[in-house]
1. How much accessible area per residue does the chain have, counting only protein heavy atoms and a probe of 1.4 Å, in square angstrom?
2. Rounded to whole Hz and in sequence order, give me ³J(HN,Hα) for the stretch 10-16 from the Karplus expression 6.51 cos²θ - 1.76 cosθ + 1.60, θ = phi - 60°, writing x for Gly and Pro.
3. Place a +1 charge on the Cβ of each Lys and Arg in the chain and a -1 charge on the Cβ of each Asp and Glu, then give the dipole magnitude about the Cα centre in debye, rounded to the nearest 20.
4. I'd like the distance between the alpha-carbon centres of the stretch 71-125 and the stretch 17-52, rounded to an integer number of Å.
5. Can you work out ³J(HN,Hα) from phi for every residue in the stretch 115-125, in order, using Karplus 6.51 cos²θ - 1.76 cosθ + 1.60 and θ = phi - 60°, giving whole Hz and x for Gly and Pro?
6. Can you spot the lysines whose alpha carbon is less than 20 Å from residue 108's alpha carbon? Ignore those fewer than 8 places along the same chain.
7. Where the accessible area of the chain is counted over protein heavy atoms with a 1.4 Å probe, how much of it, in %, is carbon and sulfur?
8. Hey, what do the phi angles of the stretch 64-69 turn into as Karplus ³J(HN,Hα) couplings, whole Hz, using 6.51/-1.76/1.60 and θ = phi - 60°, x for Gly and Pro?
Amino acid sequence: QVQLVESGGGLVQAGGSLRLSCAASGRTIMTAAMGWFRQAPGKEREFVAATGWSDGSPYYADSVTGRFTMSRDNTKNSVYLQMNILKSEDTAVYYCAAGPLSSAAPRKNHQFTTWGQGTQVTVSS
């Protein structure tokens, strides 16, 4: 079972950038599907990005395609979410998640078995 800890959230102006990190322990992320989700106040948790296996191409939600980039660093056993051209609607708590290996990127909450504690991202207008 993998344990996850997110970091890198904060306050940024619209149009700016942030890079979120997810440090994994317990087992290598090469044997796990990895994803990012977010939850804004009063809204349900929303899929952001994921990869089904280490060499798999990330799949992105339409709302972040072209602005966000997900990546893995197997040496550091970490995953990242580079967020560019941030908008006020990106404001949310961002969660890192891990699940079983998959040939395709999982996109639903129930497809992930382990979750980090979340990190707050606030984008000011």
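The values are calculated or read from the model by the stated rules, or taken from the named source; none is laboratory data. All values reported here derive from a predicted model rather than from experimental measurement. Glycine gets a Cβ as well: all are built from the backbone with ideal geometry, and neighbour counts include every protein chain shown. Just so you know, the surface numbers come from the protein's heavy atoms only, side chains and all, with ligands and any DNA or RNA stripped out. Shrake-Rupley method; radii C 1.70, N 1.55, O 1.52, S 1.80 Å.
1. Details: 6230 Å² over 125 residues.
Each residue of the chain exposes 50 Å² on average to a 1.4 Å probe.
2. x, 9, 9, 6, 3, x, x
3. The dipole magnitude comes to about 100 debye.
4. The two parts, judged by their Cα centres, are 2 Å apart.
5. 10, x, 7, x, 9, 7, 10, 10, 10, 8, 7
6. Of all the lysines, those that pass the test against residue 108 - Cα under 20 Å, at least 8 places apart if same chain - are 43.
7. Details: 3130 of 6230 Å².
C and S fraction of accessible area: 50 percent.
8. Using θ = phi - 60°, the values come out as 10, 4, x, 10, 9, 9 Hz.
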